Amino acid sequence: MTEAERTARERVRLQAVARFEVGEKNREIAAASRVSKRSVERWRRQWREGG
């Protein structure tokens, strides 16, 4: 994976965090971010745990 790809992926994760903070549902975030619901679930779990 290139540096640009890593940066783009991190940007998607940070956008997901902003959506977690306002209470958006995982399936809505997944659809908007064009990632799997499973990925969003994993990100949310990590976010809750302070990661």
Quiz item: Points 7 angstrom from Cα along the Cβ direction at ALA18 and ALA32: gap in nanometres?
Solution: 0.9 nm
Quiz prompt | Cα-Cα pairs of the chain separated by more than 13 Å (percent) | solution = 55 percent
Self-check item: Computed lengthening from TRP47 to GLU10, 0.36 nm per intervening residue step minus Cα-Cα distance
Solution: 12.0 nm
Quiz prompt | Degrees, to the nearest 10: 3-21 long Cα axis against longest axis of the chain | solution = 10 degrees
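Every read-out reported here was derived from the displayed coordinates using simple, explicitly stated rules and does not represent laboratory data. No experiment lies behind these values; they were computed from the predicted model shown. Cβ sites come from the backbone with ideal geometry, for glycine too, and all protein chains shown count toward neighbours.
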